[in-house]
Amino acid sequence: MVGNDWVNSYLEAILAAEPGIGDSKSSLLLRERGHFSPSRYFVEEVITGFDETDLHRSWVQAAATRSPQERNTRLENLCWRIWNLARQKKKVEGKNAKRAAKRHLLREKALKEVTADMSEDFSEGEKADVPGEIPTLSDGNTKGRMSRVSSVDVFDNWFAQHKEKKLYIVLISLHGLIRGENMELGRDSDTGGQVKYVVELARALASMPGVYRVDLLTRQVTAPDVDSSYSEPTEMLNPLDTDSTEQEHGESSGAYIVRIPFGPKDKYVPKEHLWPHIPEFVDRALSYIMKISKALDEEIGEGGGGQVWPVSIHGHYADAGDSAALLSGALNVPMVFTGHSLGRDKLEQLLKQGRPKEEINANYKIMRRIEAEELCLDASEIVITSTRQEIEEQWRLYDGFDPVLERKLRARMKRGVSCLGRFMPRMVVIPPGMEFHHIVPHDVDADGDGARDDEDPQSPDPPIWSEIMRFFSNPRKPMILALARPDPKKNLVTLVKAFGECRPLRELANLTLIMGNRNDIDELSTTNASVLLSILKLIDKYDLYGQVAMPKHHKQSDVPEIYRLAAKTKGVFINPAFIEPFGLTLIEAGAHGLPTVATINGGPVDIHKVLDNGLLVDPHDQQAISDALLKLVSDKHLWTRCRQNGLKNIHLFSWPEHCKIYLARIASCKQRSPKWQRVEFQNSDPDSPSDSLRDIHDISLNLKLSLDGEKSSVDTNLDAEDTTTAERKAKLEKAVSTLSQKKISTEKIDSKMPTLKRRKHIFVISVDCSANSDLLSVVKTVMDAAGDSTGFILSTSMTVSETHTTLLSGGLKPQDFDAVICNSGSELYFTASASSEDKTALPYTHDPDYHSHIEFRWGGENLRKTLIRWISSVEEKKKLKQGEILCEDEASSTNYCLSFKVKVPASIPPMKELRKLMRIQALRCNVVYCQNGARLNVIPVLASRSQALRYLLVRWGIDLSNMVVFVGDSGDTDYEGLLGGVHKTVILKGIASDLRELHGNRSYPMEDVTPLNSPNITEAEECGRDAIKAALGKLGINLLKP
């Protein structure tokens, strides 16, 4: 920097003027031999903090400029950019601090309210119970072992009692390219460790006792730029040990990769762009699971026409978790979730880099991902994590999870005390398993002074060995091995510095860096290229030629051989990442007998407690890294002890151990599955076009609803606060018995077999209008355009009595419709013939199984109390002179829908704020603003108008592809759920355009979830008969009616 002292002075002034940029320790690290290095400041402070790697390249190019004048001008411009970035960093840190403080205050307030509701303090048992902890046996020899023992015992006890069980498990992993053999790991950012994890998990679960079949659902890809194997509908996963599987584990159908077609055909779609196509996957997966469940009943069930439902549906990553939640709700089966990586944690890291939130969301669709992960917390019975750090530092960022409240609720459940409608998923730490059957650790002499191969000494060395050894001038020295992407977060630059600046370490060992595959550094991403260039410069700076290996290429099959080579040389494996979520490479190294040095941040801490095969270091402390490596390389006895500990304890990370704890946790869930009441129907003419589900008359639940209100007198107390589930069921059975006896004595049973599923087309009118007259106009127009063999379903936010009154006011008969979905999807009715005896009775029959299907985690009365309290806080905060903003609408509320009248729509908080409040208080529900913001409906978390359509498929076998859903330009806040799926959608232009304001304050833009180019969605230019027929023609629907 000769001739540029002013630059040094300027940057020195930056540090002096902005002490908040870094602490005193980091400032000291920026000085070399008492002289400030602006280049080092730039790389360590700006690059690490903001990912502005283009500035680094500009700096290098500017410094290399020959003309002093031009060089000074360029460097001056760069200094101003650095100054701005330093100021930006300070602003970002301030915003982050404010956001964290606000989140903390909200949680504290919610916890106080919950504690007040529960009216008791923490007990000693509650304080001692740690989230995700698995109790251990009181055995003095369990030091250094995982707390899995009791769960394994639980599994053994459970299996002893359920030997004849044959479980069906569904796993979902949507993005990336998944196949059982020759996985293309690293092909792109979507095809990584998760692909390997889910394939091995499916294979391992299928080999466990009691598990009959495991399906791994993923996306079918038929793109020309990927291998044709990814277009195969089904692929059977070969068991690990074919010879002993059936003998040890009994009958098993095995594990399968099932590829479901959804989204654009002939195109490989990255995960950020899969969100609009999730509903289509859910519909197709639902049909597949129902088909397989019926087939399994033939094989292992009773064979009486029933179904063997999945014991759980397990989603991996946010996109699959969102799908699993909808499938879990549609099938009413337990859900399990594994995040792998979490959106809120990624958002926090990117915000700290100074990136605008709008840019982050545009690139990563991060807000849609976070909402999916919040839904997973709402719907999951179990959330599986790899480490405790993931629970304590990542999941606690979410509205739907709080470790303190989770402990309290779990303690109350253990004591059999009511949780007052609050629910929290169980966090369970289960580290990923490994397949060890192919690993043969390299043997060493007892004194650790020599090495020999178990294999034939005449056999040639693996090719990757010579590829690495060619870098070394003395290849017999112990090898320090690092295997990671050239990413700044992996901290490889600090590793090379630690190696280069420690002369004793350089004299004793070589360094091998396996950093992915590359042809040309310039072809890599800017970030990866910057790391590699930095390492090359350090090699030159410290003259490490002949001591550092950086092979350009390696295969996935070469990785075990690389570990073996490091063990043969009595080397050490190191993972120096700033934060490591889990650290699978540490387990792989331990399985090959390699001692390890690992970061103290994240999963390696848990791994080290189990294996006890190395040392933990602060990744920011360069001296600590070199000292730990030198200690292991130079101390033969320590090296041998770490190696032996790793090989002795590594079985705790095997897939069988993982699966035992996994199945034990599933066994502890409250099992649920679709259970239908038996409904008898008289035979009817199957060809009659008038026959439909509206003819259903379940004699046990043919409840006549009064025009005076929605709640029947027999069930008003079923959701009382102190009423248990057993009492509620007893009251319901008694009420049903009474009503059915009265009905039999007074009415002739004229029920017919439901034939809605035999309709050629089913038109679902889900148009949300501000005025009832507009809705009636739309309904009449759609009916006028329909064919003779078309059935109709009206889907609305109104109550059934409001719907009935509206239809009559427009001259329509309820019998014109086959079914009516009311209260935003929390009620499902079938129309019936009008009763001439009781003029006040409504001609609707409630589906007898629907409420039991959607009641999962419904808070009932306790949820209502919280909402009333929220209303008071909103009104107090707004301090409006005109009085109430909203109030409870008892006439429109039902047992599964809490309705509120919104008197001042402009002052009501956005839906995301109310949803956030409910999640913080562990109340799980679905919030819908409807009727142009004049009403707020709060319904069960997995209930909705779109889910009601899926229920018709599950309960009555109605083909969703025969449905055409009619919507307007906009609608209620559940509008987006009606657009996607295998059903056809017609958007009526010009209808409900005024409702767009309801979606004005969304967490994510509508475009992120709308399948704009889907062949199943079209627009009608206007709400007219001809326009609708033209739109239906685009969808391939030709109506017979002229």
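The values are calculated or read from the model by the stated rules, or taken from the named source; none is laboratory data. Fair warning: this is a prediction, and the values are worked out from it, not measured in the lab. Neighbour counts are summed over all protein chains in view; Cβ atoms, including those assigned to glycine, are modelled from backbone coordinates with ideal geometry. Accessible surface is based on the protein model in full, side chains and every heavy atom, while ligands, DNA and RNA are left aside. Shrake-Rupley method; radii C 1.70, N 1.55, O 1.52, S 1.80 Å.
Points to keep in mind about this one:
- The one condition from (1) in a helix (DSSP H, G or I); (2) open to solvent by 20 Å² or more (accessible area, probe 1.4 Å) that A948 does not meet is (2).
- Looking only at the range 503-530, residues that are open to solvent by 10 Å² or more (accessible area, probe 1.4 Å), free of Cβ contacts under 8 Å to residues at least 60 places away in the same chain and not in a loop (DSSP other than H, G, I, E, B) come to 7 in all.
- In the range 991-1003, residue least open to solvent (accessible area, probe 1.4 Å) [restricted to those that are out of contact with any Gly (no Cβ under 8 Å at 6 or more places or on another chain) and not basic (K, R)]: H999
- The single residue among P504, P486, P551 that is out of contact with any Asp or Glu (no Cβ under 8 Å at 6 or more places or on another chain) and more than 20 Å from E580 (Cβ to Cβ) turns out to be P504.
- For the range 629-652, the condition holds for no residue, the condition being that it is part of a helix (DSSP H, G or I), of a type in the set (F, W, Y) and over 28 Å from M469 (Cα atoms).
- Answer residue from the range 539-585, given it is closer than 24 Å to L647 by Cβ and of a type in the set (F, W, Y) and is most open to solvent (accessible area, probe 1.4 Å) among those: F582
- Within the range 767-800, tally of residues that are open to solvent by 30 Å² or more (accessible area, probe 1.4 Å) and either under 16 Å from K1029 (Cβ atoms) or not assigned by the TED database to the domain that holds G971 (or both): 5
- In the range 546-558 there is no residue that is at pLDDT 90 or above and of a type in the set (S, T, Y).
- Against the test of being part of a loop (DSSP other than H, G, I, E, B) and more than 25 Å from the chain's Cα centre (by Cα), the options G990, G980 yield a single qualifying residue, G990.
- Verdict on H314 being modelled with pLDDT of 95 or more and outside any helix (DSSP H, G or I): yes
- Some residue of the range 654-661 being surrounded by fewer than 17 Cβ atoms within 10 Å (Cβ to Cβ), under 30 Å from K165 (Cα atoms) and modelled with pLDDT under 80: no
- Qualifying residues in the range 604-630 (those that are over 22 Å from P478 (Cα atoms), touching a strand residue (DSSP E or B) at 6+ places or on another chain (Cβ under 8 Å) and among the β-branched types (V, I, T)) - the one most open to solvent (accessible area, probe 1.4 Å): V605
- Test: residue in the range 623-631 that is of a type in the set (D, E, K, R) and modelled with pLDDT under 95: no
- Where a residue in the range 374-401 is aromatic (F, W, Y) and its partner, wherever it lies, is open to solvent by 10 Å² or more (accessible area, probe 1.4 Å) and in a loop (DSSP other than H, G, I, E, B), with Cβ under 7 Å and at least six apart: F401/M424
- Top-ranked residue of the range 589-603 - restricted to ones that are under 27 Å from the mean Cα position of the chain (by Cα) and buried (at least 22 other Cβ atoms within 10 Å of the Cβ), ranked as modelled with the highest pLDDT: T599
Rundown of residues vs (1) open to solvent by less than 30 Å² (accessible area, probe 1.4 Å); (2) at pLDDT 90 or above; (3) within 20 Å of D190 (Cα to Cα); (4) assigned by the TED database to the domain that holds A223, yes/no style:
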{"site": "A255", "(1), (2), (3), (4)": "yes, yes, no, yes"}
{"site": "I260", "(1), (2), (3), (4)": "yes, yes, yes, yes"}
{"site": "P264", "(1), (2), (3), (4)": "no, yes, yes, yes"}
{"site": "V269", "(1), (2), (3), (4)": "yes, yes, yes, yes"}
{"site": "L274", "(1), (2), (3), (4)": "yes, yes, yes, yes"}
{"site": "P279", "(1), (2), (3), (4)": "yes, yes, no, yes"}
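- Test: residue in the range 424-436 that is in contact (Cβ under 8 Å) with a residue 60 or more places away in the chain, farther than 30 Å from D558 by Cβ and not aliphatic (A, V, I, L, M): yes
- Among the residues listed as T755, T723, T796, T790, the single one being modelled with pLDDT of 95 or more and under 39 Å from the mean Cα position of the chain (by Cα): T796
- Residue within the range 776-791 that is of a type in the set (S, T, N, Q) and either in contact with a Cys (Cβ under 8 Å, 6 or more places away or on another chain) or under 22 Å from D994 (Cβ atoms) (or both) present: yes
- Scanning the range 1004-1024 for residues that are assigned to a helix (DSSP H, G or I) and open to solvent by 20 Å² or more (accessible area, probe 1.4 Å) yields M1006, E1007.
- Selection count where residues are surrounded by 15 or more Cβ atoms within 10 Å (Cβ to Cβ), of a type outside the set (A, V, I, L, M) and assigned to a loop (DSSP other than H, G, I, E, B), scope the range 1025-1037: 0
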